Number of protein chains: 2
Amino acid sequence: MLTYTFTNIGSDSLYEHLYKCIKNDILQGKLGVGERLPSKRPFAKNLGISVITVENAYEQLISEGYIYSIPKRGFYVSDLKKDTLPSQTSQASNIVLPASTPSYIADFSSNQTDSQIFPFTVWAKTMREILNENQEQLMINPPCGGILELRKSIADYLKEFRGMTVRPEQIIIGAGTEYLYSILIQLLGNNIIYGLENPGYPKLAKIYKSLHVPYSFINIDDNGISAEALEEKKISVIHISPSHHFPTGIVMPISRRYELLGWAAKEPGRYIIEDDYDSELRLSGKPIPTLQSIDVSDHVIYINTFTKTLSSTVRIGYMVLPEVLTQKYYEAFSFYSCTVSNFEQYALAKFMANGNFEKHINRLRNYYQIKRDAILTTFKNGPLKNYITITEEESGVHFLMHIKTTRSEADLILAARAKGIKLAPLSDYYDSFDNEELRNTYVMNYSSIDINKLDKVAEALYQIVK
Amino acid sequence: MLTYTFTNIGSDSLYEHLYKCIKNDILQGKLGVGERLPSKRPFAKNLGISVITVENAYEQLISEGYIYSIPKRGFYVSDLKKDTLPSQTSQASNIVLPASTPSYIADFSSNQTDSQIFPFTVWAKTMREILNENQEQLMINPPCGGILELRKSIADYLKEFRGMTVRPEQIIIGAGTEYLYSILIQLLGNNIIYGLENPGYPKLAKIYKSLHVPYSFINIDDNGISAEALEEKKISVIHISPSHHFPTGIVMPISRRYELLGWAAKEPGRYIIEDDYDSELRLSGKPIPTLQSIDVSDHVIYINTFTKTLSSTVRIGYMVLPEVLTQKYYEAFSFYSCTVSNFEQYALAKFMANGNFEKHINRLRNYYQIKRDAILTTFKNGPLKNYITITEEESGVHFLMHIKTTRSEADLILAARAKGIKLAPLSDYYDSFDNEELRNTYVMNYSSIDINKLDKVAEALYQIVK
């Protein structure tokens, strides 16, 4: 997005400054003919100014003929030479980019990290040290599984916090779990059936589909996936999040865990992919041992990322392979280059090794606890309280909220959106949804919510549901 | 695998040096109790020394009690405190990791960047500024194709230096070309035949194979791939590097380029993947227009990385999609998260936008020219001159060197390796190699070569070939 600074603007008002900046860019050709200007709302957010300021600047530019507006489409740079509006915008600009930064006062669908809580100072210091001290290492191509220092740090971390005894060589680093999935599919084969939890994480099915891999949805019961259902659907590889099911929050009891380990041990090609995506952020209660740590038959693939603990925009994930798959991975796939930059691998390794990661997680847990408490207090003590039921609030960075209302789910989501609130319905996480009791239940991700806007959010929701 | 360097070993023999390195690692705890040492043969190969040398070092360590051997299993680190042998080693330690950083005095197979030439100071400054000034943006999930700032910088760069008119939306950023290939295959389908140049980049066939995609090798003639050969083998998508064929260095003439564009335009599903991997490093002559820039029928996918221009360890690549594929990409694959960290995307965008990238490329070109000239001068003026013919030296960071010798290729490679020189035979880049005239021709990547060691390298090669 266009970015301008508002320092040294002299006696100009904000809108005059913005108007001059854009005009200047048009005159210099930095903004080309027909180019679409940013929408007012995200542009304002991006620049840290009000929407009114952007509106005023745009109006001034329109009145002077530098830009023109197409209703419901946006604002475009005029062709100054022609001095006429183009009869149509180029065919090329018909491509609609997926929204990257929609502007909400509260987006409960987003997994983004608040920039307030990211450890910028320590990260900058760590990066500076790495760039100073590790110059030679930074240029050496890492092994396919990632640099050993990071894998050692992760192994130590898993040992201390998840009770897992893992050799660094079993840990494979990749640019996010989506990428690691594509590697896993190459490793496990594409002529077996992969099982997905229903409800579950919708992206997985999209990945399997894009890679032409057979998959089936398995309905979960109150304890998660059952071995019986896996047998029935002839599943070979099942993806689960036993420590904190997404999105329902179910914690799989130990008996069910052994049942699934038993299922996996029964045949050689069976594997459980244990997605431990937010275990670090348990807010209360004892940590639950991972399936990986109680598996003696070498059938669990553990997978995790730094999405929740650092940022969704730092693309580092990892998986812990069982011995037999580790061997196969090195034999068949060591030609692949590691997809994470050395710079960030060394920085993260150092950040973990010197205890900063642990400190950060403690801060984070505290930060999210405060945030969650603030949301629950605001929602439960205001007028909204008579319309909502909140469950699964003890872990991670989301809870479930059921809204009692006569409005339909689709209608309510639209009404909320019109007020700047994005809601993610639980029904979206189902393959086929037929449980009407769960309609108007929402998965409330709160990692990116601004608690200063909570009163406004609660009031807006109340106005919708009352 | 364990790696030690054999430079600065003073008056020690090779085995004494190795013995001391391992002993040191055991005493410092870098090698843990019970840890398995590498098997002698791969260890020797990895270190570029003889098996005898490793045997001598191991024997010395055994006699002093630092390690012990279990027949048919291997060598293990002793528990120095216990002063007794453990009754068994863990089953886990049987896995042999592929070699990551073998130690050579000259590795002509490596594409690594010399840490001397990486712009650490400017990069560190850029990263610091980004971490200071872009904190909010850094936390915002980027669009699937990458942050717009970077795509704009790349579009500007392609415009200025490659004469390509490309909208930022057509540019898709990913963690290296290998990753982008997996996306391309999802975009283009896996029931068509992909064509690969023979000789060519061997990794591509491995990727296609791993992803279960049909592919065929196409022999190149003096001008590269011909349209006739593509028709004959029923190719739908062909991967070529017309600006500088890898590894032969052929520059595809304009007539052949139009011939291939004609082939692609003939049927809707046909595409040319134009790999422009080292065009920035042309050392002399005029730049050749890309296929993408002369294609009017929207059948060229342009692909490039920052591997040669920044470092192979910064994992940022990009592709420029034709309009129709751009649309399809956003429709079908926008669920994929961008695989490159925001931090590095913003840093690179800034590095490019403020002219540092251009400056760096100019420095790089100069640096590699000096390096190439030093190598050619040393090789052509010393006693080696009578045994070698060097070709394709005008571009990129490799040239071809034919060695006149009675030794077989395999024998010569081993002999060079024993002297710490890694050679990459041209024959390795062929699917099936039957041109005996090209035996003992080597692809000489010189990006990582230390010119201070050139005399030693030339002398060692002379000793082998004479």
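Checking the cross-link pairs A:40/A:419; A:380/A:466; A:40/B:159; A:125/B:308 against a 20 Å limit on the alpha carbon distance flags A:40/B:159; A:125/B:308 as lying beyond it.
Ratio of the stretch A:1-61's C-alpha Rg to 2.2 N^0.38 Å, to two decimals? Don't skip to the answer; put the middle values down first.
Values: Rg = 10.9 Å, N = 61, 2.2 N^0.38 = 10.5 Å.
Cα-based Rg divided by the globular estimate yields 1.04.
Which percentage, to the nearest 5, of the DSSP beta bridges contained in the stretch B:113-266 is antiparallel? For the stretch B:113-266, the DSSP antiparallel bridge percentage is about 10. Per residue of B:179-187, other chain Cβ atoms within 10 Å of the residue Cβ number 3 on average. Here's how it looks for residue B:283: its modeled amide H is under 5 Å from those of B:395, B:396, which are all 5 or more places away or on a different chain.
Between residue B:432 and residue B:466, what is the FRET efficiency for a Förster distance of 35 Å, r being their Cβ-Cβ separation, to the nearest 0.05? Efficiency for this residue pair is about 0.65.
Express the C-alpha Rg of the stretch A:166-321 as a ratio against the empirical globular expectation 2.2 N^0.38 Å, rounded to two decimals.
0.97
Once the chain from residue B:156 to residue B:265 is taken as fully extended at 0.36 nm per residue, the excess over their C-alpha distance is 36.5 nm.
Residues in the stretch B:191-201 carry Karplus couplings, in order, of 10, 10, 9, 8, x, 10, 5, 10, x, x, 7 Hz; the curve used is 6.51 cos²θ - 1.76 cosθ + 1.60 with θ = phi - 60°, and Gly or Pro positions show x. Distance between the modelled labels on residue A:190 and residue B:373, one decimal in nanometres: 5.0 nm (7 Å Cα→Cβ projection). Summary for residue B:9: label point 7 Å along Cα→Cβ; distances to the equivalent points in the other copies, ascending, 6.7 nm.
Averaged over the residues of peptide B:328-339, the number of Cβ atoms from other protein chains lying within 10 Å of each residue's Cβ is 5.
Buried on complex formation within the stretch A:155-176 (loss of at least 10 square angstrom of accessible surface versus the isolated chain, 1.4 Å probe, ligands and nucleic acids ignored): A:167, A:169, A:175.
Highest mean packing comes first when the peptides A:212-225, A:370-383 are listed by Cβ atoms within 10 Å, giving A:212-225, A:370-383. Could you tell me which of B:74, A:366, B:184 has its Cα farthest along the dipole of the protein assembly as shown towards the positive end, charges placed at Cβ (Lys, Arg +1; Asp, Glu -1), taken about the Cα centre? The Cα lying farthest towards the positive end belongs to A:366. Shown in residue order for the stretch A:292-301 are the 3J(HN,Hα) couplings computed by the Karplus curve 6.51 cos²θ - 1.76 cosθ + 1.60 at θ = phi - 60°: 4, 6, 10, 8, 9, 9, 6, 10, 10, 9 Hz (x for Gly and Pro). The modelled label-to-label distance between residue A:212 and residue A:3, using points 7 Å beyond Cα along the C-beta direction, is 4.1 nm.
Inter-copy label distances at residue A:136, using a point 7 Å along Cα-to-Cβ, come to 4.4 nm with the shortest given first. Using the Kirkwood radius built from alpha carbon pairs, what does the Stokes-Einstein equation give as D for the stretch B:127-168 at 4 °C and 1.567 mPa s, in µm² per second? Taking Rh from Cα pairs, D becomes 111 µm²/s. Here the alpha carbons of the stretch B:180-228 define both size measures, Rg and Dmax, at 11.4, 32 Å. At the residue level, residue B:333 shows approximately 10 square angstrom of accessible surface with a 1.4 angstrom probe and all protein chains present. Taking all protein chains together, B:256, A:41 sort by accessible area into A:41, B:256, largest first [probe 1.4 Å]. Close amide-amide hydrogen proximity is noted between residue B:197 and B:218, B:239, each under 5 Å apart and 5 or more residues distant or on a separate chain (H modeled in the peptide plane; Pro and chain starts excluded). The Cα center of the stretch B:299-361 and the Cα center of the stretch A:341-398 differ in position by 32 Å. Per residue Cα convex hull volume for the stretch A:354-397, in cubic angstrom? Per-residue hull volume (Cα only) is 51 Å³. The magnitude of the dipole of chain B, with charges of +1 and -1 set on the Cβ of Lys/Arg and Asp/Glu and taken from the Cα centre, is near 1000 debye.
Long hydrophobic helices in chain A: none of the complete DSSP H runs spans 24 Å or more by Cα along its own axis with mean Kyte-Doolittle hydropathy of at least -1.0. Comparing Cα centroids, the stretch B:413-439 and the stretch A:197-221 end up 46 angstrom apart. Counts of other chain beta carbons within 10 angstrom of each beta carbon in peptide A:262-273 average 0. Distance from the C-alpha centroid of the stretch A:1-28 to that of the stretch B:37-62: 67 Å, rounded to the whole angstrom. Counting only protein heavy atoms and a 1.4 Å probe, the stretch B:383-466 has 46 square angstrom of accessible area per residue.
What are the aspartates and glutamates whose alpha-carbon lies under 16 Å from the alpha-carbon of residue B:422, with same-chain residues fewer than 8 places away excluded? List returned: B:107, B:409, B:411, B:450, B:455, B:459.
Interface B-A: total buried accessible area of about 5800 Å², 1.4 Å probe, protein heavy atoms only. Note on the stretch B:196-323: with neighbouring protein chains present and a 1.4 Å probe, carbon and sulfur make up 54 percent of its accessible heavy-atom surface. In chain A, helical runs assigned H by DSSP with n ≥ 4 each contribute -39500 (n - 2.57); averaged across all residues and rounded to the nearest 500, the mean residue ellipticity at 222 nm is -12000 deg cm²/dmol.
Near residue A:307, no amide H atom lies under 5 Å from its own; only residues 5 or more places off or on other chains count, and H is placed 1.01 Å from N. Within the stretch A:430-457, which residues have the backbone N less than 15 Å from the label spot 7 Å out from residue A:407 along Cα→beta-carbon, could you tell me? Those under the cut-off are A:440-442, A:457. Partners of residue B:20 within straight-line reach, counting aspartates and glutamates whose Cα lies under 15 Å from its Cα and excluding those fewer than 8 residues away in the same chain: B:12, B:55, B:59, B:64. If the viscosity is 1.002 mPa s and the temperature 20 °C, what translational diffusion coefficient in µm²/s does Stokes-Einstein give for the stretch A:143-189 when Rh comes from Kirkwood over Cα pairs? The diffusion coefficient I find is 188 µm²/s. Does the stretch B:364-466 come out rounded, prolate or oblate, given a ≥ b ≥ c as the square roots of the eigenvalues of its C-alpha gyration tensor, rounded meaning a/c under 1.5 and, failing that, prolate meaning a/b above b/c? The shape class here is oblate. Each peptide in B:270-278, B:360-368 gets a packing score, the mean of other Cβ atoms within 10 Å over its residues, and the list from highest to lowest is B:270-278, B:360-368. Shown here: the stretch A:111-256, whose C-alpha atoms stretch 57, 33, 30 Å along the first, second and third principal axes, sorted largest to smallest. Length gained on full extension, residue A:391 to residue A:203: 65.3 nm, using 0.36 nm per residue less the C-alpha separation.
Dividing the C-alpha radius of gyration of the stretch A:292-408 by 2.2 N^0.38 Å, with N its residue count, gives 1.53. Label separation (residue B:120 vs residue A:62): 5.4 nm, computed from points 7 Å beyond Cα along the C-beta direction. Taking the Kirkwood radius as Rh and the Cα radius of gyration as Rg, chain A has a ratio of Rg/Rh equal to 1.01. Shape annotation for the protein assembly as shown: C-alpha extents along the principal axes are 91, 77, 58 Å, from largest to smallest. With a cut-off of 10 Å between beta carbons, the residues surrounding residue B:199 carry a summed charge of -3, where Lys and Arg count +1 and Asp and Glu -1.
The values are calculated or read from the model by the stated rules, or taken from the named source; none is laboratory data. Because the structure is predicted, anything quoted here is derived from the model rather than measured. FYI the Cβ positions are ideal-geometry reconstructions off the backbone, even for glycines, and counts take in every protein chain you see. Heads up: the accessible areas ignore ligands, DNA and RNA and are worked out on the full protein's heavy atoms, side chains in. Shrake-Rupley method; radii C 1.70, N 1.55, O 1.52, S 1.80 Å.
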